[in-house]
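Trainee: Please see the structure below; I have some questions.
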């Protein structure tokens, strides 16, 4: 066994048990009156931190959801706007086609009317020409008859007229 | 007056079984020819005919015979008008 000097910290004397008792008493007092409140406070703090974290997480989720909704809302609005544009374009095309069709129909109607008018004018011209020819033929025939009909021929014509008389019809 | 005279003649003709025949020609017909024509007409109609002759140069030729209410138009003017009508209604071949 090594020899320890009397003034060394490791030397055993009466203060050592007192120190032990004091230590133990301190320990007891600490564990009875100090550690529990500290422990509770630490627990409470931990709980608070946990709650705060949880709330933060919930808020983050809410924000995410809101962003997601906003995104889908924007997408919806864009889709609707595109649909409106598509419809407007389609309507415009239909209107253009309708106008083209109307234009063609009007053109055809004009051509038909013009043809009908031409035909009518031609008919009128032909009719007029026919009348003029007939009048000329009549006039020429009258002239010839006036010169060629002598008394003998006149008598023959009168006899022919009398031959047509028939009261039985 | 002419109408009364006409009416009187008609009554007399009816009573005596006669009929009035009016012949309108383009040229004048002599008295002898008129008599011949009257006989021709009487023979054709088997009736006693009171004959009247009129002249209308616009007929050109032929005659218009009126017997009672019947009119027979065999004048050249009418035939020429018919010819004119035929020319107008004839459809030309294309």
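The values are calculated or read from the model by the stated rules, or taken from the named source; none is laboratory data. Quick caveat: nothing in here was measured; it's all calculated off a predicted structure. Positions of Cβ are generated from backbone atoms using ideal geometry, with glycine treated the same way; all protein chains shown enter the neighbour counts.
Trainee: Is there a residue in region B:11-26 that is at pLDDT 80 or above, surrounded by 14 or more Cβ atoms within 10 Å (Cβ to Cβ) and not in a strand (DSSP E or B)?
Mentor: Yes; the residues of region B:11-26 include at least one that is at pLDDT 80 or above, surrounded by 14 or more Cβ atoms within 10 Å (Cβ to Cβ) and not in a strand (DSSP E or B).
Trainee: Pick from region B:67-81 the residues that are in a strand (DSSP E or B) and touching a residue at least 24 places away in the same chain (Cβ under 8 Å): which of them is farthest from residue A:149 (Cα to Cα)? Step through it out loud before you land on a result.
Mentor: Keep residues of region B:67-81 that are in a strand (DSSP E or B), which gives B:67, B:70-75.
Still in the list and also touching a residue at least 24 places away in the same chain (Cβ under 8 Å): B:67, B:75.
Details: B:67: 26, B:75: 13 Å.
Among those residues, the one meeting the criterion is B:67.
Trainee: Also, quick follow-up: Test residue A:139 against the stated conditions and say whether it is more than 7 Å from every other protein chain (Cβ to nearest Cβ) and either more than 60 Å from the chain's Cα centre (by Cα) or touching a residue at least 12 places away in the same chain (Cβ under 8 Å) (or both). Give the derivation first.
Mentor: Values: more than 7 Å from every other protein chain (Cβ to nearest Cβ): yes; either more than 60 Å from the chain's Cα centre (by Cα) or touching a residue at least 12 places away in the same chain (Cβ under 8 Å) (or both): yes.
The answer is yes for residue A:139.
Trainee: Are any residues in region B:29-53 in a strand (DSSP E or B) and either exposed (fewer than 14 other Cβ atoms within 10 Å of the Cβ) or within 11 Å of chain A (Cβ to nearest Cβ) (or both), and if so, which ones?
Mentor: Quick first cut of region B:29-53, residues in a strand (DSSP E or B) only: B:48-53.
Within region B:29-53, B:48, B:49, B:53 meet the criteria.
Trainee: Return the residue satisfying two criteria in turn: it lies in region A:149-158 and is part of a helix (DSSP H, G or I) and out of contact with any helix residue (DSSP H, G or I) (no Cβ under 8 Å at 6 or more places or on another chain), and of such residues it is nearest to the other protein chains (Cβ to nearest Cβ).
Mentor: So the first thing to find is which residues in region A:149-158 are part of a helix (DSSP H, G or I), and the list is A:151-158.
From what is left, the residues that are out of contact with any helix residue (DSSP H, G or I) (no Cβ under 8 Å at 6 or more places or on another chain) are A:151-154, A:156.
Numbers: A:151: 7, A:152: 11, A:153: 7, A:154: 5, A:156: 9 Å.
Across region A:149-158, the extreme among qualifying residues is A:154.
Trainee: Of the conditions (1) in contact (Cβ under 8 Å) with a residue 24 or more places away in the chain; (2) part of a helix (DSSP H, G or I); (3) closer than 19 Å to residue A:160 by Cβ, residue B:64 fails just one. Which one is it?
Mentor: (2)
Trainee: Can you name the condition, by its number, that residue A:107 falls short on among (1) within 60 Å of the chain's Cα centre (by Cα); (2) within 22 Å of residue B:40 (Cα to Cα)?
Mentor: The failed condition is (2).
Trainee: May I ask you to say which residue of A:164, A:146 is surrounded by 10 or more Cβ atoms within 10 Å (Cβ to Cβ), under 20 Å from residue B:76 (Cα atoms), within 12 Å of another protein chain (Cβ to nearest Cβ) and in contact with a strand residue (DSSP E or B) (Cβ under 9 Å, 6 or more places away or on another chain)? Please lay out each step first, then the result.
Mentor: On the way: A:146 fails: in contact with a strand residue (DSSP E or B) (Cβ under 9 Å, 6 or more places away or on another chain).
A:164 is the lone residue from the list that is surrounded by 10 or more Cβ atoms within 10 Å (Cβ to Cβ), under 20 Å from residue B:76 (Cα atoms), within 12 Å of another protein chain (Cβ to nearest Cβ) and in contact with a strand residue (DSSP E or B) (Cβ under 9 Å, 6 or more places away or on another chain).
Trainee: Here's something else I'd like to know. Select from region B:54-82 the residues that are surrounded by fewer than 16 Cβ atoms within 10 Å (Cβ to Cβ) and within 7 Å of chain A (Cβ to nearest Cβ) and list them in ascending order.
Mentor: B:70
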